[in-house]
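Visitor: Quick one: the structure is below, questions incoming.
Just so it is clear, none of the values below were taken in a lab; they were calculated from the coordinates. Given the structure is predicted, the values throughout are model-derived calculations rather than measurements. Neighbour counts run over all protein chains shown; Cβ positions are idealised from the backbone, glycine included.
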Amino acid sequence: MEPRIVTLHDCQFSTYIFEEEILARIQMLADEINKDYQEKNPLFLAVLNGSFMFATDLLKRVTVPCEIAFVRLSSYKDMQSTGNVKEVLGLVDDIKGRHVVVLEDIVDTGHTLQGLEQQLLDKQPASLEVAALLVKPECLQHQIELKYVAKNIPNDFVVGYGLDYNGIGRNLRDIYKIVS
Ligand code: XMP
Ligand code: MG
């Protein structure tokens, strides 16, 4: 397919993962989840803002009975040995004893996810897994088990399909990478 270029703020981005590929990969994740979570009534926790499109397209393909909640991570920073830990906001559901699946847009160093997982584990879920749209394996600094990953990518800055560059680009239906 012909590459498309968009300009966001002062940077140019070129199409990188087309919507068709994104949706095909999300269907594969949904197939695995549907197999793994029969009779488990999973609770999906989508991390806003970045995961809104991923969560929507994944959940449309989940066929097991499930519940969905949305959380945000504060910009509040508490210095811990692992780095800056953000507080989870908006979690009203009691996750004790529940099978929780966190939906994340992109995992880079893994700091964010590590902090989030620790806060969720303190609430004693029956199980806790992560479904990530994108992972940058060469940037990972933590040993985190990422059970469901749509696509591994190199260390390029990407936007679109929920991901933003300084607030814009989230509505793009394809994923773009910065033109070097
Ligand atoms: P860590 O390092 O904590 O980072 O795993 C995860 C968060 O960093 C943001 N991030 C990106 N956002 N394009 C983006 O739009 C990228 O290429 C990118 N890499 C990391 C994102 O908020 C993610 O949740
Ligand atoms: Mg995010």
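Visitor: Dimensions of the chain along principal axes (Cα, Å, largest first)?
Guide: Principal extents (largest minus smallest coordinate, Cα): 48, 40, 27 Å.
Visitor: From the phi angles alone, apply the Karplus equation (6.51, -1.76, 1.60; θ = phi - 60°) to the stretch 136-141 and give each ³J(HN,Hα) in whole Hz, x where the residue is Gly or Pro.
Guide: Ordered by residue, 3J(HN,Hα) equals 9, x, 6, 9, 4, 10 Hz.
Visitor: Something else about it: Can you list which of the chymotrypsin sites (Phe, Trp or Tyr not before Pro) found in the stretch 59-159 are DSSP loop residues with at most 11 other C-beta atoms within 10 Å?
Guide: Sites meeting the loop and neighbour criteria: Tyr76.
Visitor: For Lys177, give me every one of the lysines with a C-alpha distance below 19 angstrom, ignoring sequence neighbours fewer than eight places off in its own chain.
Guide: Output for Lys177: Lys136, Lys151.
Visitor: Related question: For the chain, with only Lys/Arg (+1) and Asp/Glu (-1) charged at the beta-carbon, what is the dipole magnitude about the Cα centre, in debye rounded to 20? Could you put the intermediate results ahead of the total?
Guide: Working: 18 positive and 26 negative charges, 33 e Å.
Here the size comes out at about 160 debye.
Visitor: So if I take the centroid of the Cα atoms in the stretch 144-166 and the same for the stretch 7-74, what is the distance between those two points in Å?
Guide: So the separation of the two Cα centres works out to 11 Å.
Visitor: Right, something else. Could you tell me which of rounded, prolate or oblate describes the stretch 1-93, using a ≥ b ≥ c as the square roots of the eigenvalues of the alpha-carbon gyration tensor, with rounded for a/c under 1.5 and, failing that, prolate when a/b is larger than b/c and oblate otherwise?
Guide: Oblate, because a/c is 1.5 or more while a/b does not exceed b/c.
Visitor: Using a cut-off of 18 Å between alpha-carbon atoms, which lysines can reach Lys86, once sequence neighbours fewer than 8 places away in the same chain are excluded?
Guide: Counting by Cα, and skipping residues close in sequence, Lys86 has these lysines nearby: Lys77, Lys123.
Visitor: Something else: Applying the Karplus parametrisation 6.51 cos²θ - 1.76 cosθ + 1.60 with θ = phi - 60° to the phi angles of the stretch 142-152, what ³J(HN,Hα) value in whole Hz is obtained for each residue in order, glycine and proline being reported as x?
Guide: 10, 8, 10, 7, 10, 6, 10, 10, 6, 7, 8
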